[in-house]
């Protein structure tokens, strides 16, 4: 809605408050190694800052941000806000309000009529088919989907492919896409997924001087019904070498 200033300022305050709370937790954790007078002094300083900052922050929310939002947001957008609040959770209290039905109020898409006709709706948003395809192909890992009948239905075209796949595998039984010596493992994984005994299986191997993580996940609907299996292959050689932190470009 073009309102940038107040949310940006409050976001900065959120970051400062989070960092201050972290320093408070660290202070408490190290109380045994701190002079008691220094501990009391620092605890009082942090507490005073949090109380003052939070009171000012709540005032800005109630008298600036929320008032601006009430003027520019429409009713259906507030329903969407309420749904997201339910997903995120509440601090210190939970409002006693009826649970909203998913899809009861549609969020405006901002798409043309032609685009809407081909849009794919997800539980947490919507995308066009070409966007979904590009997104999946951009992931730095290989994904393969096997349906509930053990048929290979999809694989992405990641630029970092380790294992060559062709479209000829589509529609085949997944057992036909693995070497004979590993078919018993594939069958065991799928059997465990279908029965509900497991939801994930992981393996790691050395492949062409790279360390590769291979994971299988059971794909289920909201009711827990088995829809298929997702295989994820990722080269984690460079990830294993990471140390410390990187917070800047």
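Listed by first and then second residue, the pairs with beta-carbon distance under 6 Å, at least 6 apart or on different chains, first residue in the stretch 212-240 and modelled with pLDDT of 95 or more, second assigned to a helix (DSSP H, G or I), are 216/189; 218/193; 226/194; 229/193.
Being in a helix (DSSP H, G or I) and in contact with a strand residue (DSSP E or B) (Cβ under 6 Å, 6 or more places away or on another chain) is a condition met by at least one residue of the stretch 218-237. When the helices (runs of 4 or more DSSP H) confined to the stretch 45-126 are screened for residues that are modelled with pLDDT of 90 or more, surrounded by 13 or more Cβ atoms within 10 Å (Cβ to Cβ) and at positive phi, none reaches at least 2 such residues. Residues in the stretch 193-211 that are surrounded by 14 or more Cβ atoms within 10 Å (Cβ to Cβ), touching a strand residue (DSSP E or B) at 6+ places or on another chain (Cβ under 7 Å) and in contact (Cβ under 8 Å) with a residue 24 or more places away in the chain: 193, 194, 211.
Residues that are touching a helix residue (DSSP H, G or I) at 6+ places or on another chain (Cβ under 6 Å) and more than 28 Å from residue 123 (Cβ to Cβ) do not occur anywhere in the stretch 71-81. Inside the stretch 142-192, residues that are assigned to a helix (DSSP H, G or I) and within 26 Å of the chain's Cα centre (by Cα) make up a count of 3.
The values are calculated or read from the model by the stated rules, or taken from the named source; none is laboratory data. All of these numbers come straight from a predicted model, not from anything done at the bench. Ideal geometry is used to build each Cβ from the backbone, glycine not excepted, and the neighbour counts take in all protein chains shown.
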